[in-house]
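> Below are the structure tokens for one structure; questions will follow.
Quick note: the coordinates plus some simple rules give every number you see, no bench work behind them. Keep in mind the model is a prediction, meaning the values are calculated, not measured. Note that we place each Cβ from the backbone using ideal geometry, even for glycine, and neighbour counts take in every protein chain shown.
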Amino acid sequence: MKKIAYAICMMLAISFVFNTTLSKAAGKKPTHYVGLHDRLLHFTEVRVIDSDMKVPLDEIAKVLYIPVEQRSNMTYIRKRGIEISYNEVTQQTIKDGVETSWAPIVNVDGKLFISVKYIAREIGFKTEYIKKLQTLRIYRDDYKHMSHADYEKKIQQLISDEKKPAVSQAKPGKKSAVNVYLTFDDGPNQFTTVNNATLKKYNAQGSFFFLGKHMKNNEDIVKAVASAGHYIGTHSMTHDKDLVYESAQAFIDEMNEGTKLILQMTGQDAKLLRVPYGSKPHVTPAMKQQLNKYNYKMWDWDVDSNDWKYTDEEADKIAKNVRTGVEKAYKSGDRDIIILLHDRSQTSKALPQIIEWLQQEGYTIKAYEPTEHIIQNFLRDTTL
């Protein structure tokens, strides 16, 4: 009888712990946070394991633009000349061929989590822990950011806002499984600032393809767009067709120089670009080889707003073009719809209409995610 009673007690205890764990994991507001520069990051889960804050590897990889490759039983991270790997069989983390003395990467219920401090340090970031807010801030000295004291005040307000009930703007339906990417060419300029504010107002994300000649004179705008969580890629330095497409070397020099500026200003190693006037027929096989050599990806578009054709007073026509194009793409079976827009006055006036309609229809508006690259180029080149 004593053995039976003991077994029952053990079963009840295990059941209590198991159910408590589930209740904590299901739908509970986060208690620990991670920030990047002046932002508050959003992860599906933040775990504290052995007094170390860990987040899903695939999610932080998107934020920090870290290439992650999975092959057989191994997961590889390669950035800034280092290689970190995780062996799923031995559960061992290896850096540059040497096993680590602790476990910066762990497998939790089939999902890989990585130490925030570890990955930040390894790719050149610093960290600051705000104990009373349980927030770990990632930052770099070569990227302009607010003081820790000011950040603490900001993050306290952001966390307070995070805990408020979310209000969904999208109606449910099949279209919620359709991703729409708002992309903006030719900035940064004064209209980039307007578009950035509009995206923030509607809680939407975008992808900006900036010109190097404008970035040099608008570094504050570049950093503001990056801080808002949008993706920034290069659109060449000059946008001069004769210069950009003069030769394969001239072409790649324009792309490399633009990407270098983005890295210097934001700390982001941006590998997605958009070439001036679209890839076809301008990008030659030799130019494609150069893009492959430097591991670039290239986007054209599915929907052309033709915004450049219209005046401010004709902004409704831009919104109509987008609606017509998106509906056509959706009916054709496209589930990742890329919209071409520009940082121009008339586009800034049309953007609220465009976002409101997309949200009302239930589409999911996203920024480009390097780890979930979508092939969309007029050349139909699967390597890009």
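> Are there any trypsin sites (Lys or Arg not before Pro) in segment 109-159 that are in a DSSP loop and have at most 15 other Cβ atoms within 10 Å? List them by number.
When the trypsin sites (Lys or Arg not before Pro) of segment 109-159 are filtered for loop state and at most 15 Cβ neighbours within 10 Å, 144 remain.
> Still on this structure, I have one more. For the chain, what is the charge dipole size about the Cα centre, in debye to the nearest 20, if Lys and Arg each add +1 at the Cβ and Asp and Glu each add -1 at the Cβ?
Dipole of the chain, to the nearest 20 debye: 1420 debye.
> Which far-off residues, 5 or more places away or on another chain, put their amide H under 5 Å from the one on residue 362, with H placed in the peptide plane?
Sorted by chain and number, the residues that satisfy this are 171.
> Please report, in cubic angstrom per residue, the volume enclosed by the convex hull of the alpha-carbon atoms of the chain.
186
> Also, quick follow-up: Percent relative contact order of segment 116-156, based on C-alpha pairs within less than 8 angstrom and at least six residues apart?
For segment 116-156, the relative contact order is 27 percent.
> Sticking with this one: As an exercise, take the mean of 1/r over every pair of distinct alpha carbons in segment 217-271, invert it, and state the Kirkwood radius in angstroms.
By the Kirkwood definition, the hydrodynamic radius is 11.8 Å.
> Got a sec to turn the phi values of segment 119-132 into Karplus ³J(HN,Hα) couplings, 6.51 cos²θ - 1.76 cosθ + 1.60 with θ = phi - 60°, whole Hz, x for Gly and Pro?
Computed from phi, the couplings for segment 119-132 are 5, 4, 4, 5, 9, x, 9, 10, 9, 9, 9, 9, 4, 5 Hz.
> Next question. What value in Å³ per residue do you get for the convex hull of the alpha-carbon atoms in segment 175-372?
It comes to 116 Å³ per residue, whole-number rounded.
> Just to confirm the filter: which GluC sites (Glu not before Pro) across segment 67-137 are DSSP coil and have at most 15 other Cβ within 10 angstrom of their Cβ?
Filter output for segment 67-137: 88.
> By the scheme Lys and Arg +1, Asp and Glu -1, what is the net charge of all other residues having a beta-carbon under 10 Å from that of residue 84?
That works out to 0.
> For residue 185, list long-range residues whose amide hydrogen, built 1.01 Å from N in the peptide plane, is under 5 Å from its own amide hydrogen.
Long-range HN contacts for residue 185: 209, 341, 342, 343.
> Taking a ≥ b ≥ c as the square roots of the eigenvalues of the Cα gyration tensor of segment 298-384, is the shape rounded (a/c under 1.5), prolate (a/b larger than b/c) or oblate?
Taking the square roots of the gyration eigenvalues as a ≥ b ≥ c, segment 298-384 is prolate.
> Further question: Using every Cα-Cα pair within segment 28-126, state what percent have a distance larger than 22 Å.
The share of Cα pairs beyond 22 Å in segment 28-126 comes to 24 percent.
> Something else about it: Tell me the mean residue ellipticity at 222 nm calculated for the chain from its helices only (DSSP H runs of n ≥ 4, each -39500 (n - 2.57), averaged over every residue, nearest 500).
Counting only the DSSP helices, I get -11500 deg cm²/dmol.
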